[in-house]
1. Which stretch or stretches of the range 647-666 have amide N atoms under 19 Å from the point lying 7 Å from Asp633's Cα along the Cα→Cβ direction?
2. Sum -39500 (n - 2.57) across every DSSP H segment of at least 4 residues in the chain, then divide by the residue count to get the 222 nm mean residue ellipticity, nearest 500.
3. How much length is gained if the chain between Ala758 and Gln30 is pulled fully straight, taking 0.36 nm per residue apart and subtracting their Cα-Cα distance, in nm to one decimal?
4. Taking amide H positions as placed 1.01 Å from N in the peptide plane, with prolines and chain starts having none, which residues 5 or more places from Leu93, or on another chain, fall under 5 Å of its amide H?
5. Can you work out the Karplus-derived ³J(HN,Hα) for every residue in the range 108-113? Use 6.51 cos²θ - 1.76 cosθ + 1.60 with θ = phi - 60°, whole Hz, and x for glycine or proline.
6. Given a 1.4 Å probe and every protein chain left where it sits, what share in percent of the accessible area of the range 9-241 is carbon and sulfur?
7. Which whole-Hz couplings ³J(HN,Hα) result when phi for each residue of the range 220-236 is put into the Karplus expression 6.51 cos²θ - 1.76 cosθ + 1.60, θ = phi - 60°, listed in order with x for Gly and Pro?
8. Could you provide, to the nearest whole Å², the per residue accessible area of the range 659-720 with probe 1.4 Å?
Amino acid sequence: MYFTKYPHRANFSFPQGFDPEGRTLEINGQSFRGEVASYEGDVYHVRVTNDARWDGNKCLESLILPPPSERHRLKAIENFELQLLGRNGSPILRSVAGEGFGVCGKAHLFQFEVGEEPRFYGMGEKNFATFELSGYRTKYWNTDVWGDFSASQWGDGPVDPPYFATPYLVVKTGDEYIGLLLHNPYATFMETPGIDESRVFVEWQRTSNHLIVGSEDGEPNLWVLYGPSLRELTQKLQKLVGVTPVPPLWSLGYHQSRWGYAGHDDLMDLDAQFERHKIPCDSLWMDLDYMDGYRIFKTSETAFPGGATVTAAALEKNGRRIVPILDPGVKFEPGYAVYEDGHKQDVFCRNAEGKEFVGLVWPGETVFPDFSQGRPRTWWAGYVYHFAREGFGGTWLDMNDPSTGPVDPQGMLFNEGKEPHAAYHNQYALGMQMATHEGFLQAKPNERPFILSRSGFIGSSKHAAIWTGDNLSNYFYLKASIPTSLGLSLSGLPFNGPDLGGFGGDVTDDLMVDWTKAGFLFPFLRNHCGRGQRPQEPFNFPAPVMGVLRRYIRLRYKLLPYLYNLFVQQEATGDPIMRPLLYEFEDAGLDRIDDQFLIGPSVLQAPFIDKDQKTRTVILPGSEPWYDATNGDWVEPGTVKVKKGRETTPLYVRCGAILPMQPGTPTDNRKELREVHFHLFIPPTWSGETELEYVADDGLTFDYRNGARSTLRVTAVSVDGNLAIRAQQTANGFGAINPTFVVHGEPKSVRVNGADVAMNGGKVVLTGKPLDVKVLG
Ligand code: MIG
């Protein structure tokens, strides 16, 4: 398998004729069936079948289909050319004439022409470090980046493909958005028009201006989604692949990890330090060292002398959980119970000789559960069941790319050796997530499982959060983290984030501060670093540095009610947590912004992500002023220049926003979603209306699905600075929500639910100095 080479279109054969009635096309004398099915919401499925060539769709997770529709914005015309009609009735995406769909053996591709100046986004996990993705050729094949590429490749530049394959592309043309999803688990590839001079190898590449998506094998299943807006498109995609069920509230807190924590004593020490320094932290992670000789599901007595349950119970006092790592590889060792049992039950992948396939990972020779099949998944879930009952809060799935060390993974066959590696390679982690999820549910049927995974595929959104794998403590990876997380967020993977501070290499004080300021509101927030690297726990930095790190961790906890509600909204609508500016605004000039992002609709960040950068420009989109969270000023939209401050970071709140926050400055993990401060961001003489549906539940169980949830509807109307707020509890399943209103601004008068209320002066700290606010009541 070459990761960085792609099939070339001149090697493909294209249809001569297509009969739309009989849905048949001829290629090279062979007959194929080609059809376009239409679903509600302008969702289209293009499928080509030919039993001699492809053996059905091998995806483990099916898509969640909207009801069928009679609408046909996407049409297949002569030669199976596809045409997608835009808003005004003319094609905005069309097949290359005569060469729209092609085959070469088992490989296939679709070639398109897109309107003037198209823009491209998404592609799942990529670390190209640009948000916009014109001019890339890329493959989707899960890799163990540090194992499969040399250090000179991943040191401080993009390496492709990384851990997680999501063959999905967003195409923007004019102000209309299109999504292309390859529901095909084999190695897939894409080529976007545009020229990246640094990658032009032969002059010919400059003439290539087609959009190409295809696969090296597998039944062609292309999904074409029409927005028209980016929001509508993303919602449709997320619902098609599966929304992320609202995670437990603790998993949205701060996570502390390091490869090297030895066990009980280290965890208790961390617990004490977080308490002493009054830094909230919801979980402590255990890497490989808790296992007995890298044997999965076997906790070592040195690490946890009384068993992990004892440590878990001791950490409960401060509300912290343990999250241990789990690798898929089972030590190939007669006598080791997990191996013996798996061998007896025949759950491992085979090689071409019909024997268990052996790779080389941490335990040495290792065998691999066949997660492509139900029976081995059930077997695995049984072990997870016992594991979860040892007192672990969740788990962290690593090496599921799958990483086989120096051994070629292509020799790993599935389904009793009958199926090729390539059909399940990209889905290996997905199968592991499905089985692990199942095991946690069996152990704790009414608790929302928390699983973090390195690799995955379409459908992973239903089972796991993802982190972007091994990065380095340098400014390239800090910068790349924004486009990478935005790309994932637009590709149906809303719960994601990088290793904060960087995994490899020694972080500097400055980098740790810059990364924390940039990353503290990412959907998933875990500080993790590698064995032997400079310690990255906040209290291992000089006091002034720790002070800044702590300020931002606390600010995340202050904003947890907002973040949690974004996840609730994501489950309902499919809107991601982290969004590019063009998700919310239609201004020109927002389509290539790599260094700004939104958290939800209302919080805009423009962090400093270049080494030694002293000033930067910030684009404030839209037509209304933004609230500068650092100094409380209202700033007119447009471009502003800001100076870097030691403690501050450029963070702006949208005019009219109502942000639910925890009261005061959180210094520990305590969270009570019903005691909430609603911060209203209302410019002094503003006239307008705004509203928020705020949701509170227990943040832990599935009871919310049976009505144990409360909702408070808050509306605010400002007429020339005279403010009228209404709050009405519209659902009571989780008891009374007790609101306090905090106004950032100087209203002339305020009424709450029709009554005059006192405006008491108060102070709130966000990213800078204490801000003057009015606390109502
Ligand atoms: O080959 O478990 O990405 O987070 O600390 C390294 C040790 C294996 C890779 C993971 C990293 C983890 C490390 N693992």
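The values are calculated or read from the model by the stated rules, or taken from the named source; none is laboratory data. Note that this is a predicted model, so its numbers are computed, not measured. Reconstructed Cβ throughout: ideal geometry from the backbone, glycine too, with neighbour counts over all protein chains shown. Only protein heavy atoms, including side chains, enter the accessible area calculation; ligands, DNA and RNA are left aside. Shrake-Rupley method; radii C 1.70, N 1.55, O 1.52, S 1.80 Å.
1. Only 647-656 fall inside the zone, counting backbone N under 19 Å.
2. Mean residue ellipticity, 222 nm, calculated: -5500 deg cm²/dmol.
3. 254.1 nm
4. Leu84
5. 3J(HN,Hα) across the range 108-113, in whole Hz: 8, 8, 10, 10, 10, 10.
6. 46 percent
7. Coupling constants for the range 220-236: x, 9, 9, 9, 10, 10, 10, x, x, 7, 5, 5, 4, 4, 5, 4, 5 Hz.
8. Averaged over the residues of the range 659-720, the accessible area is 42 Å².
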